[in-house]
């Protein structure tokens, strides 16, 4: 299992770094592809607990938010959220009982939740955006690795036994420290902001990553699934690898926008 995880990372991480460096349409399409696959996986889990909206309907909502983000930035994306909510609510009137409140709630939640990944796109649109993305991804990956290693070897106290029995407080703290340290190190080369600001960013990203991971665990627990999918050998599905980014990406964007910069 560990070997598969390492081999998958050796293939996937360089491709992601290349897409970030290339930017533009390549980076945008990578984010769209990740969101579409994640939506498929989420909808499959929602189908198990009978709250899945029609997949085409959810994809349409996701494409609307993606187009709004690409063509109008954060502001149009926020307007797009209100539009998608309104369309979903209207659908509950015109397509009842096929689209009952529980399916509309599940579908709307799925679209909005998966669309949080678009904040990685917004990060790239910032000044020095490419380097901010590298910092955020490096902090995320380092935090995951440190949490996994320390949690496996030294973990004793469970952080949320009902959601994820394998995750420990020791591993979580190691992940947060790992995120902070790698951001401090990389900032010495990129010089994007001050050390105290990076310290705050690393701390908040570490906490957001833990919350994102545990939140996806709650979905898997509720649906009775071990992994969101089987696309990535040794890792499970796309959501299993980017679950923390759904919380990290918006946290990083707003922290950088309002505090760090």
## Note on the structure
Nearest 10, in degrees from 0 to 90: the angle of helix 24-48 to the longest Cα principal axis of the chain is 60 degrees
### Query
If you compute Rg and Dmax of the Cα atoms in Å for the structure shown, which of (i) 18.5, 58; (ii) 18.7, 64; (iii) 19.7, 67 do you land on?
(i)
### Query
Exposure proxy check: 88, 63 ranked by fewest other beta carbons within 10 Å?
63, 88
### Query
Modelled label-to-label distance, residue 44 and residue 18, 7 Å Cα→beta-carbon offset: nm?
2.6 nm
### Query
Calculated FRET efficiency, residue 152 and residue 190, Cβ-Cβ r, R0 22 Å, to nearest 0.05?
0.10
### Message
Relative contact order for the range 47-141: what percent, with Cα pairs under 8 Å and sequence separation of 6 or more?
### Response
35 percent
### Nearest-0.05 FRET efficiency for residue 218 and residue 60, computed from C-beta distance (R0 22 Å)
0.25
### Message
What is the angle, in °, between the Cα long axis of helix 129-154 and the longest principal axis of the Cα atoms in the chain? Nearest 10 is fine, range 0 to 90.
### Response
80 degrees
## Note on the structure
Cα gyration tensor of the range 75-167 diagonalised, 5x eigenvalues square-rooted, in angstrom largest first, produces semi-axes 36, 25, 7
### Rounded to 10°, Cα long-axis angle of helix 169-190 versus longest principal axis of the chain
70 degrees
### Query
What percent does the relative contact order of the range 2-260 come to when contacts are Cα pairs within less than 8 Å and at least six residues apart?
22 percent
### Task
Take the Cα coordinates of the range 124-261, assign each an equal point scatterer, and use the Debye formula without solvent to give log10 I(q)/I(0) at q = 0.09 Å⁻¹.
-0.27
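Each value in this text was obtained by applying a stated rule to the coordinates, not by laboratory testing. From a predicted model like this one, the values you see are computed outputs, not experimental measurements. Here Cβ is always computed from backbone atoms with ideal geometry, including for glycine, and neighbour counts include all displayed protein chains.
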